[in-house]
Amino acid sequence: MTVSSDGALIHARGLRKRFGEFTAVDGIDVDVPRGEAFGFLGPNGAGKSSTMRMIACVSAPSAGTLRILGMDPLRQGPAIRARLGVCPQLDNLDPELTVRENLTTYARYFRIPRRVARERADELLEFVQLTDRAGSKVEPLSGGMKRRLTIARALVNEPEIVLLDEPTTGLDPQARHLVWERLFRLKQQGVTLLLTTHYMDEAEQLCDRLVVMDGGRIVAEGAPRELITRYSTREVVELRFAADAPEDIAGKLAGVGERTEALPDRLLLYADDGDAALAQVQQRGLEPAGVLVRRSTLEDVFLHLTGRTLVD
Amino acid sequence: MGSLAVLEYHLVGYRRTWRGSVFSSFLLPLLTMLSFGVGVGAYVDSGIGGVPYLDWIVPGLIASTALQVAMGEATWPVLSGFQWVKTYFSQIAAPLRVVDVLGGQLGFVLLRVLVSSAAFLAVAAAFGALHSAWAPVTLLLVLLIGAAVALPTIAFSASITSDSYLALLFRVAVIPMTLFAGVFFPVESLPPVLRWLAYLSPLWHGVDLCRSATLGVAPAWSATGHLLYLAVWVALGWLLAHARFRRRLLD
Ligand SMILES: Nc1ncnc2c1ncn2[C@@H]1O[C@H](COP(=O)(O)OP(=O)(O)OP(=O)(O)O)[C@@H](O)[C@H]1O
Ligand SMILES: [Mg+2]
């Protein structure tokens with residue numbers, strides 16, 4: 001096995017991607033060891049897909065170092081891609097072929113013999129629970145089924161690294177949980193997972209480690225819990241007021257909790273003890289119309305780091 | 001190797017539609033033979049150069065069929081591969097190279113050209129329009145014609161994002177070539193400017209070669225010259241198409 005000196009399957013230093021004058025990825029450092037589930041979290045346009053496409057060896061870095069499986073994507077693209085599985089942000093299945101044919105034709109690109117391809121297609125359809133649709137065309141499938149088929153297609157070559165660009169965007173909760181469960185199983189089998197997402201719950205569930213990206217840069221890196229401890233308080237009090245603007249209320253809460261964030265529709269009050277902070281709010285004569293005390297999530301980390309919400 | 005896997009993919013899709021396409025491959029020449037042979041031919045009773053009119057136009061029609069099929073397969077399907085179904089992006093994510101993706105697509109275009117032309121040739125043989133033992137060589141010639149027009153067209157289709165340009169391409173390239181590049185009458189009857197345009201078109205070179213093969217007559221121009229001219233279109237077309245594919249697939 002060939003990997004870079006520190007054992008990372010994916011190794012990037014100062015990685016940049018420019019489109020003309022525009023810099024989509026602005027010098028990022030990433031190391032992903034074998035077997036890890038690594039996430040890119042960030043809002044629209046953060047540069048997640050641009051990064052994924054460079055790692056998938058279909059987009060040449062504009063600057064910086066990138067090594068995948070110890071190889072150079074520019075010179076050894078096909079050799080690297082032979083060991084990757086890619087689930088792109090937008091499905092590119094063939095709608096005119098059947099579900100099974102989409103897998104078997106794709107397997108042939110990896111020089112997998114036809115018989116093996118058919119066997120593997122059946123196993124994978126079982127894995128993503130599409131066996132009963134094996135013979136039907138892709139066209140009429142629901143978005144969630146197509147997504148699962150795209151994920152199955154990414155596994156047809158038994159890849160060592162699977163790149164998933166927003167694997168569950170647009171899926172209903174049930175379909176999403178199925179995908180999570182399957183990805184978790186892959187991880188247990190030792191497959192290295194790289195995924196991008198807008199969903200903090202997805203990142204918290206699946207990722208051992210993640211980076212938060214904004215404007216092409218990495219603004220924070222760590223394990224989900226670690227990031228929350230580092231950048232947020234243990235609890236958050238969400239306050240809604242009937243009449244007053246959240247910013248106005250914020251002014252009256254100086255000294256309560258650690259800090260506040262005013263969103264258009266609510267005020268977030270960060271404190272390690274949410275109930276105690278809420279009591280202080282009430283002592284100041286403020287009467288919120290709605291109150292929710294919850295634990296901090298990655299959403300709060302993101303809000304703190306960028307001043308913006310992740311999903312609006 | 002990779003090209004074959006890509007060709008195989010295209011064939012799996014074709015498996016669904018081949019019956020209809022083979023049927024129309026025979027129907028079109030059959031109707032044409034009847035229309036031109038029985039209908040138009042009756043008015044052109046002197047023939048051209050001592051050959052009955054029908055027999056004279058058959059090789060031209062085969063070459064123009066090759067042109068039409070090649071252009072048809074090199075336009076919308078290629079645009080779709082980038083723009084709608086995005087097949088090429090799925091292929092380049094696998095361990096295929098740009099040459100494999102392009103080569104497989106070209107292979108499929110040429111296969112379609114071959115099937116349609118072979119059907120036409122068979123119908124022509126049944127009507128006794130083939131006069132020479134060289135006639136089967138037409139099948140190689142249509143591959144050359146097909147590649148010569150398909151590759152630049154593929155390059156064009158890979159450069160656009162909307163199909164509104166494709167209808168235009170048919171109007172400014174395919175229809176004029178079909179009408180003026182020696183399919184229905186000798187280009188020598190054209191005024192000089194149009195004649196030179198006809199000489200520049202790849203179709204005229206293909207038509208002249210095909211005619212030479214089916215009628216067993218000497219071509220109007222050097223056969224080697226024709227072959228080289230078409231080979232230049234193939235080579236430049238390939239370079240152009242490869243560059244466009246590369247740019248679009250690996251940015
Ligand atoms: N091929 C391209 N040409 C020009 N600009 C591009 C290209 N691809 C991406 N960009 C720009 O780069 C920036 C980052 O895009 P990217 O797709 O990487 O973001 P993302 O984090 O994946 O966003 P999203 O969550 O919306 O998918 C965006 O501003 C986008 O417009
Ligand atoms: Mg994206």
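The values are calculated or read from the model by the stated rules, or taken from the named source; none is laboratory data. Computed from a predicted structure; not experimentally measured. Because the Cβ atoms are built from the backbone with ideal geometry, glycine has one as well, and the counts that use them run over all protein chains shown. For the accessible areas, the whole protein counts, side chains as well, though only heavy atoms, and no ligand, DNA or RNA atoms are used. Shrake-Rupley method; radii C 1.70, N 1.55, O 1.52, S 1.80 Å.
Here are the numbers for the structure shown:
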| quantity | calculated |
| --- | --- |
| Which listed pairs, of A:Lys48/A:Lys137; A:Lys137/B:Lys86; A:Lys17/A:Lys146; A:Lys17/A:Lys187, have C-alpha distances above 22 Å, in listed order | A:Lys48/A:Lys137; A:Lys17/A:Lys146; A:Lys17/A:Lys187 |
| Among beta bridges that DSSP assigns inside chain A, antiparallel share in %, nearest 5 | 65 percent |
| Helical contribution to [θ] at 222 nm, DSSP H n ≥ 4, -39,500 (n - 2.57), averaged over chain A, rounded to 500 | -10000 deg cm²/dmol |
| Cα→Cβ-extended label distance, 7 Å offset, between B:Trp196 and A:Lys137, nm | 5.0 nm |
| Gain in span if fully extended, A:Thr229 to A:Ala289, counting 0.36 nm per residue against the direct Cα distance | 18.7 nm |
| Unit Cα scatterers, Debye sum, chain A: log10 I(q)/I(0) for q = 0.11, 0.14, 0.15 Å⁻¹ | -0.75, -1.05, -1.14 |
| The stretch A:8-221 - percent of accessible surface contributed by carbon and sulfur, probe 1.4 Å | 48 percent |
| Chain A - charge dipole about Cα centre, Lys and Arg +1 at Cβ, Asp and Glu -1, debye rounded to 20 | 1480 debye |
| Rotationally averaged projected area of chain B (alpha carbon convex hull; nm²) | 13.8 nm² |
| Cα lying deepest toward the dipole's positive end in the stretch A:8-221, options A:Gly170, A:Pro33, A:Gly77, charges on Cβ | A:Gly77 |
| Peptide ranges B:189-195, A:201-207 listed from the most packed, as the mean C-beta count within 10 angstrom indicates | A:201-207, B:189-195 |
| Ratio of the Cα radius of gyration of the stretch A:233-295 to 2.2 N^0.38 Å, where N counts its residues | 0.95 |
| Farthest toward positive dipole pole in the stretch B:45-194 [+1 Lys/Arg, -1 Asp/Glu at C-beta], among B:Gln83, B:Gly107, B:Val193 | B:Gln83 |
| Chain B: angle of helix B:138-157 to the longest principal axis, Cα-based, in degrees nearest 10 | 50 degrees |
| Where only C-alpha atoms are counted, convex hull volume of the stretch B:1-123 per residue in Å³ | 116 Å³ |
| Degrees between helix B:53-74 axis and first principal axis of chain B (Cα, 0 to 90, nearest 10) | 10 degrees |
| Distance cut-off 21 Å, percentage of C-alpha pairs in the stretch A:1-105 lying past it | 40 percent |
| Among B:21-31, A:147-157, the order from most to least packed when residues are scored by Cβ within 10 Å on average | A:147-157, B:21-31 |
| Label-point separation in nm, A:Gln76 to A:Asp172, each point 7 Å along Cα→Cβ | 4.6 nm |
| Packing-based ranking, highest mean first, of A:22-35, B:133-146, B:44-57 given that Cβ atoms within 10 Å are counted | B:133-146, A:22-35, B:44-57 |
| Evaluated over the protein assembly as shown, the Cα radius of gyration and Dmax, each in Å | 31.3, 111 |
| Extended-chain gain in nm, criterion 0.36 nm per residue less alpha-carbon gap, A:Ala242 and A:Asp122 | 37.6 nm |
| Interface area, B with A, accessible, probe 1.4 Å, both sides summed, Å² nearest 100 | 2200 Å² |
| Crossing angle, helix B:2-14 versus chain B [Cα axis fit, 0-90 degrees, rounded to tens] | 70 degrees |
| Residues B:Ser189 and B:Val40, FRET efficiency given R0 of 22 Å [Cβ-Cβ distance, rounded to 0.05] | 0.85 |
| Full-stretch length increase - B:Ala122, B:Ala243 - with 0.36 nm per residue and alpha-carbon distance subtracted | 39.8 nm |
